[in-house]
Structures are given as structure tokens and as C-alpha cells.
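Below is one structure, written out as C-alpha cells; the observations come after it.
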Amino acid sequence: MRILIFGYGKVGKELRALIHERRGEVPELSDVQIVATVTRRGISLGDRDAFVADEPFSLDHLEKLKPDVVIDTASANYETGEPSLSLYFRAFELGASVITTNKAPLALRFWDIVERARKNGATLGFQGTVMSGTPSVNLLRVLPGSRVRKIRGILNGTTNYILSRMAEGIPFASALAEAKQKGYAEEDPTLDLNGFDAGAKLVILSNFAMRTRLTVRDVKLEGIVNLKEEDVAKALREGKKPKLVAQSDGKEATVRVQLVSQSDPLYSVDGVENALSVETDVQTITIRGPGAGPRQAAYGALSDLILLKRGALLLP
């Protein structure tokens, strides 16, 4: 199996390391060959630890290199989804499958991407886009025949860390500064604080689980920017905690602060941890785990690669 890695930052490097580390113990990885990596600087041919740009990258390289799988670990562009979107479409035309940790293309044009893959007999893996290596998307893959009625979760570690610290009496500004210092928040954390990041993940889960046709622009976003410290104190006195909850019932998708009680499975999800509850007509399942981190995201992509080799990476 020939692999092209698109984006060779922290996640791309961790993915390459994981492929090499697990090759001897996971049979599905024994014949995986990295034929190239790509960054804004160009394309690096072959399997190299250090990135060396051999030449400018163009989509024509896909036809020349003939990868079986393109793995997108590039940063998100929520304006257009490019250049990843064009990369996916060209890969599908050539019969290659796509695995991605990049949320933007799916948050903007989920069904366009799925339908292009289906038309060309390719497939699509995107576990790494939601909760990284914690199996959120892939949990839904192992619930065949069930009818998902609602998905609900904490899908952004930055805001969960801030809210957890506020529940400990730390002011918002101080909690945000801490999150930046620890590397949990970007220098510009706007997309986390306003709920956009969680909304993008919610779109992917909702479309996959309930076959909605949402884009991130359809999600009602409130975020945490208007939450006051006195609101947090009042909630705590009532035995509740504020959590930024992403929720979809197939009709409405929202990301907003909810005051959750101790009986709620989201109550004890603190720090940068994420959680997801999937309510079906048969049962409700809740999972929790790290929602971010380069190695976790890389593992999400690796798990999709293994499922692809097993023939278990099915389209919605």
C-alpha cells in the first residue's frame, strides 16, 4: 500500500513514526510504503524523517506517484477547505482513498466529499477529525443497524480546560492564559472560545451518525465568551458545572454552555478531556478520552489505515 502524507507538521511526523513503530506488530502495516510527504514548501519524495523539498507540489504528482491512500494532516482552512478539498477530489478520481485529520473540508462539504468517493469506488477515513484517537467516529462504525437519535458531547479541550479552572475559582482571563502557556490553546483561540471548533466536529458526527446534511454554518454557536464568573459560582452552589456541550438530534445542532448536574456523564469530564454520548433506539453509550494532541491525532489516522486494510472503513 502506497501512502502520501499531505502536511508534515507534528501530526504528520507522529504518523510516520507510528507506522514505523507498529509495522512489525500490526500485520496490516507490513506492506505500507510512504512514497512522499507534502508541505507548503513542496514535495519530499520517498520516506524521510527530515523534510527535504525536492520540487513544488502539484496535483499531477498523484498521477505520477499513484498512492493508494492520501493522508491529510494539514492545517484547516474554514474559508474554502482548500487545498485539501481539491486534493481529495483528484485522489478519488485516480481511485485513491483519503484519510484525514483535517476537519475543515468535511465541516464545509461533507456529502460532496462522500459522494465523490463513492462515485470513484474509493473510501474515506476521518476518525482523527473528532476526539483524535478516542474512537468517536469509529464508535459509530461499530453500531450497525442502530438508529442514532442524539449525539451530545464535550468536543473541545481548550474550553473544557478553561471552564474546569473557572469551576476551581480561577478567573476566565487567568484560565485562558494558563491554557496558552500549557499549549492547550492557540495564540488566537477564537475558534475554540466561540464554539466554532466544536461545531465543526459536531457537523461531522451528525452527518455521519444521522445522515443530516449540515455544514458548520448551520450550527447555532454560543461559545463561552459571555459566561461570567458569577454564573459559574451560582451553578456550583446548585451542584452543577458549566460545560460547553455540542449536541444534535438530527433536526437542530447547537454548541452552547449547559449547566450539567452530577448525574450527567459529562459532569466529571474535566481538564482537556473530551467525551461523547451517543443515544440510539437500543442504548446510550458514553466514551471519554483525550481530544487533542499530535500523537493522538496521528493514531486516529493510523486506526483508519488499519481499518481500511481490513475492509472495515465503509462510507456513510
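The values are calculated or read from the model by the stated rules, or taken from the named source; none is laboratory data. Not measured: the values here are computed from a predicted model. Cβ: placed from backbone, ideal geometry, glycine included. Neighbour counts: every protein chain shown.
Residue 144 meets each of the listed conditions (1) under 18 Å from residue 207 (Cβ atoms); (2) not in a loop (DSSP other than H, G, I, E, B) apart from (2). When residues in region 45-81 are screened for being within 17 Å of the chain's Cα centre (by Cα), over 15 Å from residue 9 (Cβ atoms) and of a type outside the set (A, V, I, L, M), 2 of them pass. Of all residue pairs spaced 6 or more apart or on separate chains, none has beta-carbon atoms under 8 Å together with a first member in region 137-163 that is on the phi > 0 side of the Ramachandran plot and a second member that is in a helix (DSSP H, G or I) and surrounded by fewer than 22 Cβ atoms within 10 Å (Cβ to Cβ).
Out of (1) touching a residue at least 12 places away in the same chain (Cβ under 8 Å); (2) assigned to a helix (DSSP H, G or I), the odd one out for residue 20 is which? Checking residue 20 against (1) touching a residue at least 12 places away in the same chain (Cβ under 8 Å); (2) assigned to a helix (DSSP H, G or I), the one that fails is (1). Within region 54-72, does at least one residue satisfy the condition of being crowded, with 19+ Cβ neighbours inside 10 Å, in a loop (DSSP other than H, G, I, E, B) and not acidic (Asp, Glu)? The answer is yes, given that some residue of region 54-72 is crowded, with 19+ Cβ neighbours inside 10 Å, in a loop (DSSP other than H, G, I, E, B) and not acidic (Asp, Glu). Of the listed requirements (1) more than 13 Å from the chain's Cα centre (by Cα); (2) not in a helix (DSSP H, G or I), residue 274 misses just one: (1). Kindly indicate the residue of region 185-213 that is crowded, with 22+ Cβ neighbours inside 10 Å and outside any helix (DSSP H, G or I) and also modelled with the highest pLDDT among those meeting that condition. Taking the candidates together, the pick is 195.
Let me confirm something: among 215, 159, which residue is of a type in the set (Val, Ile, Thr) and within 21 Å of residue 112 (Cα to Cα)? Before you say what the answer is, go through the steps one by one.
Details: 159 fails: within 21 Å of residue 112 (Cα to Cα).
One residue alone meets the criteria, 215.
Give me the residue from region 160-174 that is surrounded by 17 or more Cβ atoms within 10 Å (Cβ to Cβ) and more than 22 Å from residue 289 (Cβ to Cβ) and, out of that set, farthest from the chain's Cα centre (by Cα). My answer is 170.
For residue 282, the conditions (1) surrounded by fewer than 18 Cβ atoms within 10 Å (Cβ to Cβ); (2) under 21 Å from residue 146 (Cβ atoms); (3) in contact with a strand residue (DSSP E or B) (Cβ under 9 Å, 6 or more places away or on another chain); (4) in contact (Cβ under 8 Å) with a residue 60 or more places away in the chain are fulfilled apart from (3).
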